[in-house]
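Beneath this line is the structure, given in structure tokens, with notes to follow.
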Amino acid sequence: MFSFPARLGSWPLLLSYCLGLVWAASGHALPTALLVIALLLVLASPFHRRQAFKIPLLILLLLFAIGAWNDHHGLRPLPSPPSSALQTLVGEVERIEPQPQRWRMDVRLHLPVKLAGQRIRLHVMEQECTLHPGDLIELKTRLRASRLFGIPGEFNYPRYLAERGIALSGYVTAKQPIRRLAANATTSPLTRIERWRHQLGQAIAATLPESDSALLLSLVLGEKTRLSQAQRQQLAQLGLSHLFAISGLHLGLLASGLYFMLQAFYRRSDWALHHWPLQQAVALLCLPPLLFYLLFSGGALPTWRAALLATLAVWFTLRQRHVRPIDLLCSIGLLILVVNPLALFGASFQLSFAGVAALILVMPYWQKRSRHWPAAKRWLLLPPLVTLSATLGTVPIALWHFHLLAPAAVLNNLFSVPLIGLGALPLALIATGLFAFHAPLAALCFEIAARLLQLCLTMADALSQGLLAARWLYLPPIDHLLIGAICLTLLLSLGGKRKAAAGMALLTVVTTVTYLAWPTVTPPLQLTAFSVGQGDALLLQRGRDHTMLIDGGGLYSRTFDVGERLLAPALGRLGIRRLETVVLTHDHPDHRKGLLHVLRCFPVGEFWCSTPVNQLHPDLQHILRQRQIAVRVFPPGWSLVAHDPLGRCEVFVPAQAADKNDQSLVVYASCRNDGLLLCGDLEQAGLRQLQQAGIPGPAQVIKLPHHGSRHAHPQSLLDQLAPHWAIATVGYRNRYHFPHQAVVDHLEQRQITLLRTDRDGSVQLTSRGHGWHASFLTSPLPWP
């Protein structure tokens, strides 16, 4: 009888299901159904009579269709709040996550009735946390549905919330006090475990310094939200972030300790040994404590993967069946994705399974080779090989999601894994168990564990210098693909699969040569308006070798860096490797803050501005000096900066004005008969000077001055230029109500097409000298 899994294993099943998820996530819900119907008709045709061919293909098609349906169902639009007004909410607290200077909680709503049963996330500021999971609360706040900025390479926060079943979110300040209606209102075992976890975390945090408690509670209870931004950055740059997230390492160490302890006790009972084999009994007895720790530590996805792996391993041990590790891993992955299809797109799932898959690919080969090695040689060579394999398996994914390369990660993990895994973690787990019974002894264990952590971080910091220092890498998709191919080639080689490695190496070389030799066609003039919220960020490209970034956006938030989170990833996705010019139109936060990270991470030729360097923000002055970037300050009036047969580029600076907006540097660029005008944040006085100085040529595209503010009075300029396109770089539902309705009405009267970054996302206008073409890079809508 034909057995499909026996022939090819379970990885084709997982691959087919994942392809269905990806296909649906890209917005192909209807084509998916049509494709499945078409393939089923092909199978029914007389050309495929062989049953051995039909059954596997039918299984793959079925899994593809299930994956497409599951993903489409998981990505359905979540309910919108009944209104954006302040409303009264009643619900049960399910989880509380402390953060530096604030905290957040997930609440299951009871009221209003329209949202009953929905899970929401509330960010609480300026209030002390006195609540616990299970409490019934009442509060007033405004709820909102999460939304993308609409820029290439951004983190998909709506999908992240949807994966966790969170429908809406909101902010709560001291003006909106939270009232507890009932304490411990539920008897759910999961809620009781979560309540105990939260209370224990609060008690431990109160007895330790803030920095130490954040590291220890992240290590033991999975409370990563306690880590400060500086600590997260440090761990990422050292390549040690995975050690401070509850994962398979933690569960593996706990399982090993339990196994040896239970084995020692079990051997003492002759009756037990006679009635039940030792290996099977001890493996089964280890499961309940592991599953309890899974729930107690927050139930992170890598921990679920490890727990499922342990459960299936115990099951096959009891059944005395041998299963290939790769089949076991793929089966677990398929099970997780059936329950939670959106997990596929998260970095946690991808890194967890890629790391384990790399070890499965490499380690069996070396385990066979090392059978006859001396014990000292095995201990000396195998741990670095494990670290190297896991690193090669996860580097492409980490670069895609986080854009940070930590060259010292392999070396740092060689001493950090044993120091933390065999020292700090066991001590912290023992201290956590002792805390309720003997607080002084627990505090001593915590202090020793904290010192081990600090020793580990100090050693890693000393090693991660010079050539081994972490660096930001923002790369185009083709570079990520080549890096992934190189890492896979090295893994195949390490795993002893030389023929496969040689084939992969040949394919990588051919792809690289083709990519380098393929001619890149760059339009003579192209403008990209990035959607970065309420701020300006424009990329002006004149051919292949003239790339100009004009402003970088910037929110007033202290925790959200527009340059790091939005602008730099977008530049990388668009293939920008170097910026010939970076322009700051005027020194306001919504134009300057995003440039700081870009100036640190990208090669920059010149920096242009309209004010003297010593009058710029200190942070900007520091980066310009540190990176030794040449600065060019323009005098009032028009200045020609580039001229070639196809077109020209000029900048205009108004005469000295009291308002910084009226000091905005204006950029004009043209290609044959097409031109564009970027007006910065000019107000009425600055626009008057611009019009008096004259526009160098036609401008079919204009960036509205000051985001379309009515105080700029752009109507006269619009009447003078008669553009075809107007761009408003504005944030979604911004508090300034930009662009103003009077400006929008005037554009409609003049039949000028308005492109808005809040509605349209990042937009791109391209000219070859005979008219402009508009395209939309990324939609701000979270659902395809």
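The values are calculated or read from the model by the stated rules, or taken from the named source; none is laboratory data. None of these values were measured; they are calculated from a predicted model. Glycine gets a Cβ as well: all are built from the backbone with ideal geometry, and neighbour counts include every protein chain shown. For accessibility, only protein heavy atoms count, side chains too; no ligands or nucleic acids. Shrake-Rupley method; radii C 1.70, N 1.55, O 1.52, S 1.80 Å.
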Highest average packing first - 697-707, 428-438, 135-145, Cβ atoms within 10 Å: 697-707, 135-145, 428-438
At least 24 Å along the helix axis (C-alpha) and Kyte average at least 0.0, DSSP helices within the chain: 51-74, 248-266, 278-296, 301-319, 347-369, 375-402, 439-463, 477-494, 498-517
Cβ-placed point charges (K, R +1; D, E -1), dipole of the chain about Cα centre in debye, nearest 20: 2360
Net dipole in debye of the stretch 333-474 [+1 Lys, Arg Cβ; -1 Asp, Glu Cβ; about Cα centre; nearest 20]: 560
Portion, in percent, of the accessible area of the stretch 624-667 that falls on carbon or sulfur, probe 1.4 Å: 50
Lys140-Tyr259 pseudo-label distance in nm [points 7 Å out on the Cα-to-Cβ vector]: 5.8
Percent of C-alpha pairs per 10 Å bin, the chain, short to long: 2, 11, 19, 23, 20, 14, 7, 2, 1, 0, 0
For the stretch 312-383 and the stretch 406-453, distance of Cα centres in Å: 25
Per residue, the convex hull volume that the Cα atoms of the stretch 307-362 enclose (Å³): 77
Residue-by-residue Karplus 3J(HN,Hα) for the stretch 90-97, coefficients 6.51, -1.76, 1.60, Hz, glycine and proline x: 10, x, 9, 6, 9, 8, 10, 10
Carbon and sulfur %, accessible surface of the stretch 336-442 computed with the full protein complex present, 1.4 Å: 75
Low-density loop positions, trypsin sites (Lys or Arg not before Pro), the stretch 338-381 - DSSP coil, at most 13 other Cβ in 10 Å: Arg371
Inter-probe distance in nm under a simple model that places probes 7 Å from Cα toward Cβ, at Ala185 and Gln101: 3.2
Signed unit charges on C-beta, dipole axis of the chain, positive-most listed residue Gln263, Gln127, Pro612: Gln263
Relative packing of peptides 385-398, 237-250 - highest average C-beta neighbours within 10 Å first: 237-250, 385-398
Potential lengthening between Leu481 and Glu126 on full extension [0.36 nm per residue; Cα-Cα distance subtracted]: 123.3 nm
Solvent-accessible area, 1.4 Å probe, carbon plus sulfur percent, for the stretch 85-237: 51
Set Lys224/Lys593; Lys593/Lys660; Lys368/Lys497; Lys114/Lys175 screened for pairs whose C-alpha atoms are more than 19 Å apart: Lys224/Lys593; Lys114/Lys175
Per residue solvent-accessible surface (Å²) - the chain, probe of 1.4 Å: 48
Computed magnitude of the charge dipole of the stretch 182-304 (debye, nearest 20; Cβ of K, R +1, Cβ of D, E -1): 100
Spin-label model distance (nm) - Ala203 vs Leu318, 7 Å beyond Cα toward Cβ: 3.4
